[in-house]
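Here is the structure we will look at, set down as structure tokens.
The values are calculated or read from the model by the stated rules, or taken from the named source; none is laboratory data. This one's a predicted model, so the numbers in the text were calculated from it and none came from an experiment. Every residue, glycine as well, gets a Cβ built from its backbone with ideal geometry; the counts of neighbours run over all protein chains shown.
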Amino acid sequence: MHEQFAEDLALLAMGSLEGDERMTLEKHLESCSACRQELEALRGDTALFALSTSGPQPPQRAKQRLMSAIEAESRSRTVGVSKQRRFPWWAPLGWATAAAMALGVFWFWRQSDHLASEMARMQQESSARQAELEQAREVVATLTAKDAVVVPVAAPNAPPQPQGKAIYRRDSARLIFVASNMPPLPSQKAFELWLIPVEGAPIPAGVFKPDAHGTAVMVHPALPAGVVAKAFAITVEPEGGSSTPTMPIVMMGAGS
């Protein structure tokens, strides 16, 4: 082995030789079998030394060779050798660790953001289902209430005859209206249901459009509480509804 390359061989074995020195040594190794053998021996020593903390103890010769190479590298820095400054092979690990930590923080941030969005979505779905359940309970309560008044609403002499039924609870102002065989509507028109009180003007009770089969359902439109229903009527109105009925009345049913 050529002694002038001893230090560089040790550094190359540890992976810390860079730049022109590395290129010069690699070119020399192409034609020098003795230095190649020494490099392989140092690499073997490096592997054994790396395993010394968890596996069998490496040969004392391997440890001594590496320690001597490291000591020689340390002395070369302190005496001001004119070679380009070399950084130990483990120097980049600090940056790698910082980068890994940054990636880890970013990943957890993304996961927490995703989890927060998922929890918000589930909460919205739960609220929507709770509202649907509450509405279903109110529908059942209206349909089964002892004080509910059932008022058939129909149109005379119009086969197939449109039919409707209003289920009304005066005290709680709850109303369910179902209709079938409803005729098609003109463009930009809708049916409007009216509560006709014993006293006073007709009260709008909701605008609806039947489906393709002529079926329609309205559940709990906004109504004042405590109004006694004399009758329910249906007229054809603009899609947005009207504040007073537009004649003629197409369907009507009297309360009991």
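For region 129-149, name all the residues that are surrounded by fewer than 17 Cβ atoms within 10 Å (Cβ to Cβ) and either in contact (Cβ under 8 Å) with a residue 40 or more places away in the chain or aromatic (Phe, Trp, Tyr) (or both).
At the first step, the residues of region 129-149 found to be surrounded by fewer than 17 Cβ atoms within 10 Å (Cβ to Cβ) are 129-141, 143-147, 149.
Residues satisfying the conditions are Gln135, Glu138, Val139, Val149.
Right, Lys165: touching a strand residue (DSSP E or B) at 6+ places or on another chain (Cβ under 6 Å), in contact (Cβ under 8 Å) with a residue 12 or more places away in the chain, over 24 Å from Ala225 (Cβ atoms) and among the charged types (D, E, K, R) or not? Give the derivation first.
Details: touching a strand residue (DSSP E or B) at 6+ places or on another chain (Cβ under 6 Å): yes; in contact (Cβ under 8 Å) with a residue 12 or more places away in the chain: yes; over 24 Å from Ala225 (Cβ atoms): no; among the charged types (D, E, K, R): yes.
Against the criterion (touching a strand residue (DSSP E or B) at 6+ places or on another chain (Cβ under 6 Å), in contact (Cβ under 8 Å) with a residue 12 or more places away in the chain, over 24 Å from Ala225 (Cβ atoms) and among the charged types (D, E, K, R)), Lys165 does not qualify.
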Region 150-184, residues that are part of a loop (DSSP other than H, G, I, E, B), buried (at least 16 other Cβ atoms within 10 Å of the Cβ) and either among the hydroxyl-bearing types (Ser, Thr, Tyr) or on the phi < 0 side of the Ramachandran plot (or both): Ala155, Pro162, Arg170, Ser172, Met182
Inter-residue pairs, beta-carbon under 8 Å, first closer than 9 Å to Glu38 by Cβ and in region 1-24, second at pLDDT 70 or above and among the polar types (S, T, N, Q), 6+ apart: Met1/Gln37
